[in-house]
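Below: one structure, written as structure tokens.
The values are calculated or read from the model by the stated rules, or taken from the named source; none is laboratory data. The shown structure was predicted, so the numbers you read here are calculated from the model rather than taken from an experiment. Virtual Cβ from ideal backbone geometry, glycine too; neighbours counted across all protein chains shown.
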Amino acid sequence: MGTLEQRRRRAGYAALTPALLILVLILAYPIVDSMLLSLQDLRAAGGTFEGSFIGLSNYQALLGDSTFGAALWATAYFTAIEVAAVVLLALGVALLLVHPYGRFGIFRIVLLLPWAIAPVANAVLWKWILHANYGILNTLLVEAGLIDRNIVWLGTARMALHTLLAVDIWKSVPFIAVLLLAAAVPVAYAQNITILAAASLKEALDEVDATYQKRGGEKSRNTRSRGSAPSSKPCERNDSHGLRANEALQ
């Protein structure tokens, strides 16, 4: 059987197995298939792909392409700035949420709202905010006197990169802040929360079970009362016939 820790570990692995299988089917298979396709020279013909194995020729052509180098640098720059900014800002948000002034509901709503918005809705929202002609961001900046004319936020590659970087940071900070808050919860508190949740669940299940048993008892009593009512009259008739027979014999 093993120790309690070993049993918990096996139970955890058993619980994670279905999710891991789904991840393998959704993520691992496309990655492997894409790697195999990258080793071929594919051509679309009649709605199907025809190709021949060419080895690493595609990778050699990719390394010699200047566009690939620019894209690689932009990705590295975006990742480095995004990770550093998100961690620092999320740490500040987490400290604000545990502060007495940050425990008001309005602060939590404002800080966690970017994470609650769906990605598609978030993209549409920022599309209208960043619009060059009638976007609200340009309107606010012009009214505040910070800019003289509207800025085309997505007009150049450099401006688009930094604008999208700011939007991604705005979206990612709340999630990382929640993770930092969860990591800061002491283990004893987490265990107490688990015990209280289990106790509440047990009380709810007991209440449901008691209600079910109560309804089942009422149905059984109603069934017995309905079944015994018709048989009372024949018994009365039999008793009356028996009394008359005794009187006749006497």
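Here are some notes:
- Scanning the range 60-95 for residues that are more than 30 Å from D41 (Cα to Cα) and aromatic (F, W, Y) returns Y77, F78.
- Residue check for V185: out of contact with any strand residue (DSSP E or B) (no Cβ under 6 Å at 6 or more places or on another chain) and at pLDDT 90 or above: no
- Residues of the range 55-73 that are among the hydroxyl-bearing types (S, T, Y) and under 18 Å from L39 (Cβ atoms): S57, Y59.
- Matching entry among L112, L141 (being over 22 Å from the mean Cα position of the chain (by Cα) and surrounded by 14 or more Cβ atoms within 10 Å (Cβ to Cβ)): L141
- The helices (runs of 4 or more DSSP H) found entirely in the range 104-159 include none that carry 3 or more residues being not assigned by TED's automatic domain parsing to the domain that holds T75.
- Qualifying residue in the range 162-174 (condition: surrounded by 12 or more Cβ atoms within 10 Å (Cβ to Cβ), in contact with a helix residue (DSSP H, G or I) (Cβ under 8 Å, 6 or more places away or on another chain) and more than 30 Å from A94 (Cβ to Cβ)): no
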